[in-house]
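Enquirer: Got a structure for you, questions after.
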Amino acid sequence: MTDPDQILNQYEGKLAEAQRRSEALRESLANLRVMERSVDGQIVVTVNDAGNLVDLKLGNALQRRDGDSVAQEVLRVVQAAQSRVAAAVQEAMSPMLGADSEAMHFMMDKLRSAQPPPPSQYVPGGGGYGGGPPRLGAIEDDAPPPPPPPPVPPRPQRPRPPQDDDDDFSNKGFLR
């Protein structure tokens with residue numbers, strides 16, 4: 001027969017190991033950063049494990065450029081960094097979770113669906129990527145608002161009966 005204390009000690013050991021692994025995963029993700037720079041090196045962006053912009057450095061040479069082109073280039077570089085987040089997370093987590101584990105596949109599916117694809121065929125001053133404006137992702141306000149509901153016609157008012165102006169203020173009934 002197995003000793004209950006031995007089973008409990010084994011369970012507590014497994015639980016402590018799982019907590020250590022969980023803390024290591026959390027710390028690894030908290031420190032994960034992806035840095036990307038523009039072709040000319042004037043724009044350097046850093047995003048975290050969730051793809052959020054955490055650092056932005058702009059070179060002095062950008063002062064001589066048009067503001068719209070600088071903004072488009074910043075967005076392109078941010079999108080390029082965000083598109084690399086899933087691969088960076090996979091590289092960092094594979095030793096802990098296993099490259100082919102179910103947990104790893106689940107996490108990668110979630111990350112890839114949340115991140116934008118890498119930018120393609122950027123046309124400077126020509127409308128961004130693929131002919132459309134540069135985008136980081138869809139937001140609720142991207143869809144046009146629904147048309148307003150049709151106006152409701154006012155209700156016809158019923159005629160009011162003439163007020164009976166009797167000066168009887170007693171609490172007696174009307175049947176006397």
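Enquirer: Report, by residue number, each residue of region 97-115 that is part of a helix (DSSP H, G or I), open to solvent by less than 60 Å² (accessible area, probe 1.4 Å) and touching a residue at least 12 places away in the same chain (Cβ under 8 Å).
Expert: 97, 104, 107, 108, 111
Enquirer: Return the only residue of 12, 27, 36, 73 being more than 15 Å from residue 115 (Cβ to Cβ) and in contact with a strand residue (DSSP E or B) (Cβ under 7 Å, 6 or more places away or on another chain).
Expert: On the way: 12 fails: in contact with a strand residue (DSSP E or B) (Cβ under 7 Å, 6 or more places away or on another chain); 27 fails: in contact with a strand residue (DSSP E or B) (Cβ under 7 Å, 6 or more places away or on another chain); 36 fails: more than 15 Å from residue 115 (Cβ to Cβ).
After ruling out the rest, the residue left standing is 73.
Enquirer: If you don't mind, there's one more thing I want to ask. Could you pull out the residue among 39, 54, 74, 85 that is β-branched (Val, Ile, Thr), open to solvent by 90 Å² or more (accessible area, probe 1.4 Å) and either at pLDDT 85 or above or more than 24 Å from residue 23 (Cα to Cα) (or both)? It would help to see each step written out before you state the result.
Expert: Values: 54 fails: open to solvent by 90 Å² or more (accessible area, probe 1.4 Å); 74 fails: open to solvent by 90 Å² or more (accessible area, probe 1.4 Å); 85 fails: open to solvent by 90 Å² or more (accessible area, probe 1.4 Å).
Residue meeting the stated conditions: 39.
Enquirer: Something else now. Test residue 71 against the criterion of being part of a helix (DSSP H, G or I), farther than 15 Å from residue 50 by Cβ and without any contact (Cβ under 8 Å) to a residue 40 or more places away in the chain, and give yes or no.
Expert: Values: part of a helix (DSSP H, G or I): yes; farther than 15 Å from residue 50 by Cβ: yes; without any contact (Cβ under 8 Å) to a residue 40 or more places away in the chain: yes.
Considered against the rule, which asks whether it is part of a helix (DSSP H, G or I), farther than 15 Å from residue 50 by Cβ and without any contact (Cβ under 8 Å) to a residue 40 or more places away in the chain, residue 71 comes out as yes.
The values are calculated or read from the model by the stated rules, or taken from the named source; none is laboratory data. Just so you know, these numbers come straight off a predicted model, no measurement behind them. Don't worry about glycine lacking a Cβ; one is built from the backbone with ideal geometry, like all the others, and counts go over all protein chains shown. The protein model used for the area step is the full one, side chains on, heavy atoms only, and it has no ligands, DNA or RNA in it. Shrake-Rupley method; radii C 1.70, N 1.55, O 1.52, S 1.80 Å.
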